[in-house]
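A short write-up of the structure that comes next.
The values are calculated or read from the model by the stated rules, or taken from the named source; none is laboratory data. Bear in mind that the values here come from a model prediction, so they are computed numbers and not experimental data. Cβ placement follows ideal geometry from the backbone for every residue including glycine, while neighbour counts extend to all protein chains displayed.
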Amino acid sequence: MRGIMGLIIAVMAVITLSGCQTEYSGDVGGASNGGDGTLYNAYNPEGQRAYEQQCASCHGVDGNGTSVGSSLVACATCTSLSVLAQEISATMPISNTGACTGDCATNTAEYIMYAFNGEVLSAATTSLDGVQSVELAETLRKASLQLADRLPTAEELAMVAESGETGLSLALNQVMTEDAFYENLMEIFNVQLLTDKYLSRNLYEGGINLLDSDDYPNRKWYNDVYAGEELNSFRSCVRSITNDAVARAPLELIRYAAMNNLPHTTFMTADYMMVNWYSQQVYDAELIDPSASFRQLDEPVCDNNGTQVFYDPTDFRPARINKDLQYEMGGIPHAGILTDPMFLNRYPTTSTNRNRHRSRIVFDYFLDTDILAIEGDRPGDGIGSEAANPTLLDPACYACHQVMDPVASAFQHWTDRGQYIVTGSTSANRWDSSDIEPAGLRSETIPLSGGDGYFRRMLQWLGNAIAEDPRFVRATVRTLYTGIVGQEPLTTPGDNASNAETLAFNSQRAIINSIGQNMVADNWNIKTAVKGIVMSPYYRASAVDTGSLTENKHIGSTQFLSPEAMQAKLNSVFGFGWDEFRSENNRIMYGGMDSDSVTEETKDPSGLIIAIQERMATEMACRSAAYDFTYSSNERRLFPYVEVTTEPQTDTDISLIKHNIQHLHWRLLGEHLEADSAELEATYQLFVDTLNRGQNLLQNADQYDPRPSTALEWECRGRWNRQPDGRTDGDLPAETRIEYDDNYVIRAWTSVLTYLISDYRFVYE
């Protein structure tokens with residue numbers, strides 16, 4: 001078999017020289033136009049000939065890529081001549097590695113740096129000069145809401161006003177230390193990974209039930225510890241917390257690395273998993289720090305007539321599973337997310353698929369490579385290969401499988417349910433290595449024997465290889481960019497792309513790749529990448545000079561807020577959210593997802609969503625107007641400059657009302673209105689018209705049926721405290737309650753709030 005394979009590969013090497021059906025290296029991402037900022041301008045004719053002969057059919061004559069080959073403009077390994085030459089020597093062409101080494105690699109690298117990373121890249125980056133950015137204060141407001149679920153503080157705004165971009169950078173540093181930031185960071189990755197499918201809100205014991213009961217006999221430990229019908233409610237509380245701890249372990253690894261300024265490569269390489277006190281009981285896991293103890297809260301997390309548990313569900317710590325398993329001695333060889341049961345179950349396999357689905361996900365999520373873009377035949381194409389093993393022997397199949405199968409083989413010790421059973425050690429997990437490529441990555445095979453043998457630790461080798469792969473940089477930035485900006489980065493322009501489309505791609509590629517390189521240079525600090533995206537022209541854009549950048553649909557980061565983001569914004573603006581968002585069904589109807597049956601958030605609101613928004617605007621305005629006036633003026637979120645008695649009767653009163661309207665426009669919509677702006681005047685006129693009509697109703701109450709009243713509608717009264725989720729939380733003191741609106745001032749302000757919440761700019765950020 002290996003002799004036949006040698007012949008096949010030799011034949012394929014000849015094919016590779018004239019075409020790229022069997023050649024694919026993945027979409028390498030990364031940075032820069034020369035690493036040190038220089039542009040190479042040394043034309044190399046030998047390099048050009050080599051490029052045109054071996055590379056152009058996949059990467060394009062102009063280096064902008066094709067449907068099967070990545071762009072070489074600002075590619076990951078274009079950081080320097082030596083790095084690029086080394087990449088070519090080591091990995092190109094992928095089906096005939098070693099065909100271009102030494103002078104060939106150096107010459108080809110010189111040509112690539114000159115032809116595709118010189119004037120081309122310079123023109124791309126210059127084109128971004130045509131992007132006009134919003135003010136720094138607006139950028140901070142937008143980022144604070146999006147990343148930390150709050151409005152910027154007065155101190156942070158002062159920093160920006162005094163120190164410009166430096167002040168913005170310092171303010172963002174503060175934003176990225178808060179709990180809400182880490183929660184939002186995890187949500188960004190969950191939109192991709194979808195491991196929140198296993199949260200208890202979706203599936204009863206959804207995460208716990210995936211674990212093998214022989215490996216983890218204590219997986220439902222709470223049933224024994226808290227037995228008895230009298231503890232049903234308590235047990236249900238503990239069960240939900242335990243299940244959610246198991247379900248969120250892969251995302252908690254992201255949080256842990258970010259909070260502790262560990263490199264994001266930890267996501268691939270960690271030789272541990274994350275547990276809290278509750279999931280530690282499930283796994284019988286040993287903490288990395290044996291002297292550490294889990295944090296306990298002052299108030300019980302679950303409570304039932306004296307039976308209490310105080311351990312903080314949010315306190316996750318690194319731990320290892322060192323105990324003997326059903327089939328294996330000594331526990332799990334952890335490799336970050338790659339060995340996490342939730343990840344393995346979210347992307348399962350079958351006896352015929354043989355981990356190829358997992359491999360495709362790894363390439364897509366962590367190596368920025370779309371396996372499905374590789375040219376070749378697939379079962380769905382109705383191929384009729386006569387080869388005994390098409391994946392190895394049919395070139396049309398092997399084009400894809402030579403890339404995919406080595407990674408698939410690396411998962412061979414992990415079953416369809418994510419159970420660790422070393423192949424060959426037992427009949428419980430069979431693996432035939434004769435009909436699939438050996439485990440590895442990028443033409444490098446995992447060493448399985450000797451002092452550095454990785455037979456039982458294949459995924460550890462793979463995790464480290466991914467962490468060192470330049471494509472992991474771009475994959476990480478792509479995930480962050482999509483989550484923060486709200487749209488996927490541009491894909492490689494096709495053969496028929498216009499010059500404008502190519503320029504747009506190159507411009508974006510240059511910025512994104514520089515962000516990635518800055519992250520790597522800062523010890524893979526993911527916060528550096530987040531800040532880079534927020535500071536970029538793509539996030540801050542407000543207008544574009546169409547003369548310099550005609551293709552501009554990808555510029556700007558306005559996106560429809562998810563129900564979770566909307567609830568966070570309501571909390572930040574009003575001090576409480578909308579109680580209707582407590583219902584998952586309502587969140588789904590508003591465009592949200594549950595990572596299970598609904599796996600994508602709505603980007604464009606439907607008629608139903610608009611109707612929900614209108615109801616939300618009406619109810620939130622009603623509940624917040626009088627409530628805000630129950631506070632002293634210096635504590636109010638909405639009305640710090642007016643009172644319930646302030647009417648437009650004097651110039652001073654009018655000035656105060658307009659000043660408060662300016663405050664509301666900034667607080668709700670993030671816009672600064674000049675005192676003489678038409679929009680300010682329009683909002684003021686709405687206030688005045690509502691006030692006049694309402695006072696007319698009250699003055700002529702006898703003429704109407706039902707009779708207008710000074711009493712506020714029940715829901716609109718300022719008589720209750722509000723919880724963050726919008727529910728009432730006890731009565732306000734009688735002396736502070738506001739239940740009447742004698743002059744119709746509160747209801748006039750309610751109309752203003754309804755108007756602003758209904759504005760599309762409130763539901764988009």
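Residue pairs whose Cβ atoms lie under 8 Å apart, separated by 6 or more positions or on different chains, with the first residue in the stretch 649-661 and without any contact (Cβ under 8 Å) to a residue 24 or more places away in the chain and farther than 15 Å from Ala682 by Cα and the second of a type in the set (A, V, I, L, M) and not in a helix (DSSP H, G or I), are Leu656/Val642. When the criteria are applied in full, Asp741 fails the requirement of being touching a helix residue (DSSP H, G or I) at 6+ places or on another chain (Cβ under 7 Å) and under 30 Å from Gly483 (Cβ atoms).
Taking helices (runs of 4 or more DSSP H) that do not extend beyond the stretch 89-157, which have at least 3 residues that are buried (at least 19 other Cβ atoms within 10 Å of the Cβ) and modelled with pLDDT of 95 or more?
Numbers: elements: 103-117, 119-127, 136-148.
Correct list: 136-148.
Residues that are assigned to a helix (DSSP H, G or I) and within 16 Å of Val225 (Cβ to Cβ) within the stretch 264-316 comprise Trp277, Tyr278, Ser279, Gln280, Gln281, Val282, Tyr283, listed in sequence order.
Residues in the stretch 468-486 that are part of a loop (DSSP other than H, G, I, E, B) and surrounded by 22 or more Cβ atoms within 10 Å (Cβ to Cβ): Asp469 alone.
When each of Ala428, Ala399, Ala408 is tested for being outside the structural domain of Val83 (by TED's automatic domain parsing), assigned to a loop (DSSP other than H, G, I, E, B), hydrophobic (A, V, I, L, M, F, W, C) and over 29 Å from Arg255 (Cβ atoms), the lone residue that passes is Ala428. The set of residues from the stretch 736-765 being of a type in the set (D, E, K, R) and either surrounded by 13 or more Cβ atoms within 10 Å (Cβ to Cβ) or outside the structural domain of Ala701 (by TED's automatic domain parsing) (or both) comprises Arg737, Glu739, Asp741, Arg747, Asp759, Arg761, Glu765.
A search for C-beta distances below 8 Å between a residue of the stretch 443-461 that is in a loop (DSSP other than H, G, I, E, B) and any residue that is of a type in the set (Val, Ile, Thr) and buried (at least 16 other Cβ atoms within 10 Å of the Cβ), counting only pairs 6+ apart in sequence or on different chains, returns Ser443/Thr91; Ser443/Ile94; Ser443/Thr97; Tyr454/Ile446.
Whenever a residue of the stretch 484-495 is under 11 Å from Ser70 (Cα atoms), its partners that are modelled with pLDDT of 80 or more and in a loop (DSSP other than H, G, I, E, B), lying with C-beta atoms within less than 9 angstrom and at least six residues away or across chains, give the pairs Thr491/Asp370.
If you go through the stretch 640-674 and pick out every residue that is farther than 19 Å from Leu753 by Cβ and either charged (D, E, K, R) or in contact with a Lys or Arg (Cβ under 7 Å, 6 or more places away or on another chain) (or both), you end up with 3.
Of the residues that sit in the stretch 504-528 and are of a type in the set (S, T, N, Q) and over 16 Å from the mean Cα position of the chain (by Cα), which one is nearest to Phe116 (Cα to Cα)? Outline the logic, then answer.
Keep residues of the stretch 504-528 that are of a type in the set (S, T, N, Q), which gives 506-508, 513-514, 517-518, 523, 525, 528.
Retained after the next criterion (residues that are over 16 Å from the mean Cα position of the chain (by Cα)): 506-508, 513-514, 517-518, 523.
Values: Asn506: 10, Ser507: 13, Gln508: 15, Asn513: 15, Ser514: 16, Gln517: 19, Asn518: 21, Asn523: 28 Å.
Residue satisfying both the conditions and the ranking: Asn506.
The residues of the stretch 487-510 that are surrounded by 20 or more Cβ atoms within 10 Å (Cβ to Cβ) and in contact with a Gly (Cβ under 9 Å, 6 or more places away or on another chain), listed by number, are Thr492, Pro493, Phe505, Arg509.
Would you pick out the residues in the stretch 273-298 that are of a type in the set (S, T, N, Q) and without any contact (Cβ under 8 Å) to a residue 24 or more places away in the chain? Steps first, please.
Taking the stretch 273-298 first, the residues of a type in the set (S, T, N, Q) are 276, 279-281, 291, 293, 296.
Selection gives Ser291, Ser293, Gln296.
Within the stretch 128-148, residues that are touching a residue at least 24 places away in the same chain (Cβ under 8 Å) sit with their Cβ atoms under 6 Å from residues that are among the basic types (Lys, Arg) and assigned to a helix (DSSP H, G or I), at 6+ positions apart or across chains, in these pairs: Ser133/Arg540; Val134/Arg540; Thr139/Arg540; Leu145/Lys569.
Considering the stretch 250-261 alone, what residues qualify as being in contact (Cβ under 8 Å) with a residue 40 or more places away in the chain and either farther than 14 Å from Arg320 by Cβ or surrounded by fewer than 23 Cβ atoms within 10 Å (Cβ to Cβ) (or both)?
From the stretch 250-261, those in contact (Cβ under 8 Å) with a residue 40 or more places away in the chain are 250-259, 261; that's our starting set.
Passing the criteria: Pro250, Leu251, Glu252, Ile254, Arg255, Tyr256, Ala257, Ala258, Met259, Asn261.
Among the residues of the stretch 543-587, write down those that are assigned to a helix (DSSP H, G or I), over 20 Å from Glu138 (Cα atoms) and in contact with a Pro (Cβ under 7 Å, 6 or more places away or on another chain). Once the filter is applied, which keeps residues that are assigned to a helix (DSSP H, G or I), over 20 Å from Glu138 (Cα atoms) and in contact with a Pro (Cβ under 7 Å, 6 or more places away or on another chain), the stretch 543-587 yields Phe581, Arg587.
Yes/no matrix, rows are residues, columns are (1) touching a helix residue (DSSP H, G or I) at 6+ places or on another chain (Cβ under 6 Å); (2) part of a helix (DSSP H, G or I):
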position: Glu162; (1), (2): no, yes
position: Thr166; (1), (2): no, yes
position: Leu170; (1), (2): yes, yes
position: Gln174; (1), (2): no, yes
position: Phe181; (1), (2): yes, yes
position: Ile188; (1), (2): yes, yes
position: Asp196; (1), (2): yes, yes
position: Arg201; (1), (2): no, no
position: Gly206; (1), (2): yes, no
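So that you can scan it fast, the table gives a plain yes or no per residue for (1) farther than 25 Å from Arg719 by Cβ; (2) surrounded by fewer than 18 Cβ atoms within 10 Å (Cβ to Cβ):
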position	(1), (2)
Arg623	no, no
Tyr627	no, no
Arg636	no, no
Pro640	no, yes
Val644	no, no
Gln649	yes, yes
Asp653	yes, yes
His659	yes, yes
Trp666	yes, yes
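Starting from residues that are surrounded by fewer than 23 Cβ atoms within 10 Å (Cβ to Cβ) and among the aromatic types (Phe, Trp, Tyr), keep the ones in the stretch 265-288 and report whichever is farthest from the chain's Cα centre (by Cα). This residue is Trp277. Checking each residue in the stretch 700-711 for being surrounded by 11 or more Cβ atoms within 10 Å (Cβ to Cβ) and part of a helix (DSSP H, G or I) picks out only Ala701.
Determine, yes or no, whether Ala611 is under 30 Å from Lys142 (Cβ atoms), among the hydrophobic types (A, V, I, L, M, F, W, C) and surrounded by fewer than 19 Cβ atoms within 10 Å (Cβ to Cβ).
The answer is yes for Ala611.
Among the numbered conditions (1) at pLDDT 90 or above; (2) not in a loop (DSSP other than H, G, I, E, B), the only one that Pro348 does not meet is (2).
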